[in-house]
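**Q** Take this structure, written in C-alpha cells, and hold onto it; I'll ask about it next.
Quick note: the coordinates plus some simple rules give every number you see, no bench work behind them. Keep in mind the model is a prediction, meaning the values are calculated, not measured. Counting neighbours? That spans all protein chains shown, and the Cβs are built from the backbone with ideal geometry, glycine included.
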Amino acid sequence: MEGREGVMENPEDPGRWPPGSGPLWLHPDDDLAPNRPGETLYGKVAALPTGAARRARMRLLRRGAEADALRSSLLAEQTAGARLDRLGGAGWRVLHSVPLPGDADISHIAIGPGGLLVFRSVLRRGARVEAGEDVVRINGRRTEPDVRRCRGDARRAAHALGRACGHPVTVHALLVCVGAARIGVTSALRDVEVLHEDRIAGLAARGGVLKPDGIEAVYGVARDRRTWHHA
C-alpha cells in the first residue's frame with residue numbers, strides 16, 4: 001500500500017529473520033549479488049536466432065519486434081546498471097535483475113544512505129518523454145505503462161522486504177529513461193521519480209535515511225533469492 005507521498009510502504013508480519021538481521025551465509029544459487037545488469041535477459045537474447053536463420057524465423061513467426069524489445073531492455077539495464085554500480089564508493093549497495101515470481105524481475109535495487117531505491121530502466125533513445133500518473137507518452141503519440149510497472153515493482157519490493165525483515169520497509173520508485181532527449185513529468189505523478197541516466201550519479205548525495213549497519217542488514221536480506229519467492 002502507499003505510505004506518505006512519494007514512497008511505498010508495506011507493514012508485514014515478521015519474516016524469517018529478526019529485525020535488523022539477515023542471512024549470515026548464502027548458497028551461491030541463492031545469492032543475487034553477482035548478478036550483472038540485465039542478467040535475466042542475457043539468456044533470452046542469446047537464444048535469439050542470428051543471420052539468415054534469424055531473418056527467416058522472424059519473418060515466419062513475426063517476432064522481430066519482440067527480439068528488438070529484448071535487446072533494447074538489455075541495453076537499458078546495462079547502461080543504467082553501470083551508472084548505479086558507481087554509487088558503491090558513496091556507501092551504496094546495488095543489486096541487479098532481482099527475480100520475481102511470474103517470469104518478472106526488478107531491474108535494479110540500490111540500498112544506501114538515502115534509503116532503499118527500486119529502479120526500472122527503459123530505453124527511450126532520442127525520445128521526448130512525458131510521464132503521467134500511470135503511463136509514459138513517447139514523442140506525443142505512443143504510450144507505455146512504464147510508470148505503472150515501476151510503481152508495481154516498488155510495491156512488490158516493499159512487500160517482500162517487509163516480510164523478510166519483519167518490519168515495514170520504505171521503498172522509493174525510480175524510472176530511468178535511458179537516452180531520452182527530454183523528460184517531462186506531470187504534476188499528478190508524485191510517487192515515482194523519473195530521470196535520465198545522467199542523473200543517477202547525483203543520487204550519491206542523498207543521505208540521512210540509513211546508517212551503515214542498516215544498509216548492510218537490508219542488503220543481506222535483499223540479496224537472498226528466497227526473499228523474493230512470494231513478492
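**Q** Would you tally the net charge around Leu26, using a Cβ to Cβ cut-off of less than 11 Å, leaving Leu26 out, and scoring K and R as +1, D and E as -1?
**A** Numbers: positive: Arg223, Arg225, Arg226; negative: Asp29, Asp30, Asp31, Asp224.
Taking every Cβ under 11 Å from that of Leu26, the sum is -1.
**Q** Would you mind giving the three semi-axes, in whole Å and largest first, of the ellipsoid equivalent to region 39-228 according to its Cα gyration tensor? Mind showing how you got there, number by number?
**A** Working: eigenvalues 174, 83, 46 Å².
Ellipsoid half-lengths, sorted descending, are 30, 20, 15 Å.
**Q** Given a Förster distance of 35 angstrom, what is the FRET efficiency for Lys211 paired with Asn139, based on the Cβ-Cβ distance and rounded to 0.05?
**A** 0.20
**Q** Counting other Cβ atoms within 10 Å, keep those with at most 15, restrict to DSSP loop, and tell me which trypsin sites (Lys or Arg not before Pro) in region 88-190 are left.
**A** The qualifying sites are Arg125, Arg141, Arg190.
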